[in-house]
1. Ordered by packing density, taken as the mean number of other Cβ atoms within 10 Å over each peptide's residues, highest first, how do 50-63, 162-175 rank?
2. With unit charges on the beta carbon (Lys/Arg positive, Asp/Glu negative), name the residue among Phe103, Thr138, Ile71 whose Cα is farthest towards the positive pole of the charge dipole of the range 32-153.
3. Please get the size of the charge dipole for the chain, origin at its Cα centre, with Cβ charges of +1 on Lys and Arg and -1 on Asp and Glu, quoted in debye to the nearest 20.
4. Can you give the net charge of the other residues whose Cβ lies under 13 Å from the Cβ of Pro136, counting K and R as +1 and D and E as -1?
5. What nm distance separates the two modelled labels at Asp82 and Arg217, each placed 7 Å from Cα along Cα→Cβ?
6. Normalised by the number of residues in the chain, what is the relative contact order in percent for Cα pairs under 8 Å and 6+ residues apart?
7. Can you tell me the length gained on complete extension of the stretch Arg198 to Asp135, counting 0.36 nm per residue apart and subtracting the Cα distance?
8. Once both axes come from the Cα atoms, what is the angle between helix 105-118 and the longest principal axis of the chain, in degrees from 0 to 90, rounded to 10?
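Just so it is clear, none of the values below were taken in a lab; they were calculated from the coordinates. Only a predicted model underlies this, so the values are computations on that prediction, with no experimental measurement involved. Because the Cβ atoms are built from the backbone with ideal geometry, glycine has one as well, and the counts that use them run over all protein chains shown.
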Amino acid sequence: MRVLIVEDELRMAGLIRRGLTREGLAADVASSGEDALWMAEAHDYDAVVLDVMLPGINGFETSRSLRDRGIWVPILMLTARDSVGDRVEGLDAGADDYLVKPFAFAELLARLRALVRRGDQERPAILEVGDLRLDPATRRAWRGSAELRLSAKEFSLLETFMRRPGEVLSRLHLLEHAWDFAYENRSNIVDVYIRHLRQKIGREALETVRGAGYRLRADA
Ligand code: CA
C-alpha cells in the first residue's frame, strides 16, 4: 500500500511518513497541492492524506482537481480545527473522510485502512448525464452551459433521475425519493412535476414508459 502525504509543514509530514513506513507502508510527501496533482497522476496511490492548509491551492481545491482529472484515489483530509464548515467543504470537494488535528496516529492508520478497503471506484460529487449536470452540494443544475432555474421539488426530482440514468422509475419510486412524508397526497403530483421538469430540461430527455413510469435518457 502506497500513500501520498500532502502537507507543507515538514515536521508534521515527516511524522506521518515515519509512522506509515514503520507500519510497512510506502509513503511519499508532496509539500503543495500542485505537486500532489502531478504525483497522483504519475503514480497509482492507494490513498492520499491531504492537509487543508497548504500554500498555493489549498486542500479543498486539490481534492476537487484530483476528482476533475478522474483520479478517484481515497482521500483522508486533515483539518486544523473541528469546524463543521471545513468538514462539509472537504467532503463536498470529494474527500472521503477527515481527521481533526491533533490526532492519534492509530486513528489515522485505522481510517486509511477503512478507506483503502473501499477502493477507488468512481464516486463523482457532481452528477452528469448527457449534457445535464447537477451539483447536490450547491443545489445547482445546468443543461450545457445554461444554468437551470428549478424549484426545490423539481431539483429533487431531477436528482432522483440523474442517480439512475436510463432506468425506468415508477411513480412510487419517484415519490419515495423526491418527496417526504409531508407531500400532498395527490395521485397525479408526480406527473405534474414531470411536466414542469420537461419544460426546463427538454421534453425528449424524459420519456414516458406506459404503465411503468418515467425514464431519463442516458444520453439526455
Ligand atoms: Ca499545512
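1. So the peptides 50-63, 162-175, ranked by packing, come out 50-63, 162-175.
2. Thr138
3. 800
4. Around Pro136, the charge tally is +1.
5. Reported label-point gap for Asp82 and Arg217 is 5.2 nm.
6. This gives 13 percent for the chain.
7. 20.8 nm
8. Tilt relative to the chain: about 40 degrees.
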